[in-house]
Amino acid sequence: MTVTSPTAEYAQDIQAIFNRIAPAYDQLNDWLSLGQHRVWKHMTVKWSQAMPGSICLDVCCGSGDLSRLLARTVGPQGHVYGVDFSVAQLAIAEQRAAASLQPLPITWMEGDALNLPFPDAQFDAATMGYGLRNVLDIPQSLAELFRVLKPGAKVAILDFHRPGDPLVRQFQQWYLDTLVVPLADALGLRREYAYISPSLDRFPTGAEQITLARAAGFASVVHYPIASGMMGVLVASKPSA
Ligand SMILES: C[S@@+](CC[C@H](N)C(=O)[O-])C[C@H]1O[C@@H](n2cnc3c(N)ncnc32)[C@H](O)[C@@H]1O
């Protein structure tokens, strides 16, 4: 099972890619998923079991969709920390939250998913959207999530997957080659979006993710395939003390 990417330069490349695509990222997400990513993000927040008053973490928050959904769930008694290593994405996250009609209890922080800037056992729930596939070291990222969650808390991790069914797989590759990359090309971002296909090939399957989450210490780990296996959400609980 391949769980790490080949070189440390990969992390710098990814950081640079996400800084460059920041202005177009939200619009491309909407076009490319036909708005469906919003539904999947709602499901992810629900599965994280964030509640009113919870203190939550959104790792690889990007422009902050999941952080804002979490903030609306936790309400004024709770708080959300959105962490990303792309300052350009964080700047957009901040603008979007500031434009919200209601004040949102969110703190945006520059930080690395592999070395989270928090003490142990801080959070009641955590999310990660389209981040795990991009980190250099998936086991380390899961270990960090495990470390910062309180006993009994859950993390819900949403990402693209390579579907197991050969026909759906073929459709996904056609979609990436025929729609995603040309559309990104039209916005001057071909190279940035061409990385999606190889990142999917490296990404562990749902079953492999379950094994990795258990190895990081999580208990009751479930992987939910969605969109015919082209997406998936890994939900893992830290054992109660
Ligand atoms: C595809 S975007 C997803 C953004 C957002 N979560 C969403 O669902 O729309 C992935 C984000 O992960 C961030 N990222 C990748 N590796 C990271 C790392 N090691 N530490 C912190 N952020 C990272 C990138 O900067 C980027 O903003």
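Compared with the rule-of-thumb size 2.2 N^0.38 Å for a compact globular protein, segment 1-86 has a Cα radius of gyration ratio of 1.25. The label point for ARG190 and the one for LYS150, both projected 7 Å from the Cα toward the Cβ, are 5.1 nm apart. Here the sum of -39500 (n - 2.57) over DSSP H runs of 4 or more residues, divided by the residues of the chain, equals -13500 deg cm²/dmol at 222 nm, to the nearest 500.
Pairs of C-alpha atoms in segment 112-222 farther apart than 20 Å represent 48 percent of all such pairs. Structure remark: mean-square fluctuation, Gaussian network model of the chain, C-alpha springs under 10 Å; the largest value among VAL168, VAL180, VAL87 belongs to VAL168. Placing a label point 7 Å from the Cα of SER220 along the Cα-to-Cβ direction, the residues of segment 32-54 whose backbone N falls under 14 Å of that point are 47-50. Using only Cα atoms, figure out Rg for segment 34-182 and give it as a multiple of 2.2 N^0.38 Å. So the Cα radius of gyration is 1.08 times the expected 2.2 N^0.38 Å.
The H on the amide N of THR127, modeled in the peptide plane, is under 5 Å from the matching H of LEU57, ASP58, VAL59, ALA156, each at least 5 residues off or on a different chain.
Overall, segment 9-237 carries a charge dipole of about 540 debye about its Cα centre when +1 sits on the Cβ of Lys and Arg and -1 on the Cβ of Asp and Glu, all other atoms neutral. Put a dot 7 Å past the Cα of TRP174, heading toward its Cβ, do the same for VAL87, and the two dots end up 4.4 nm apart.
Only the coordinates and a few stated rules stand behind these numbers; no lab work does. Because the structure is predicted, anything quoted here is derived from the model rather than measured. All Cβ positions, glycine included, derive from the backbone under ideal geometry; neighbour counts span all protein chains shown.
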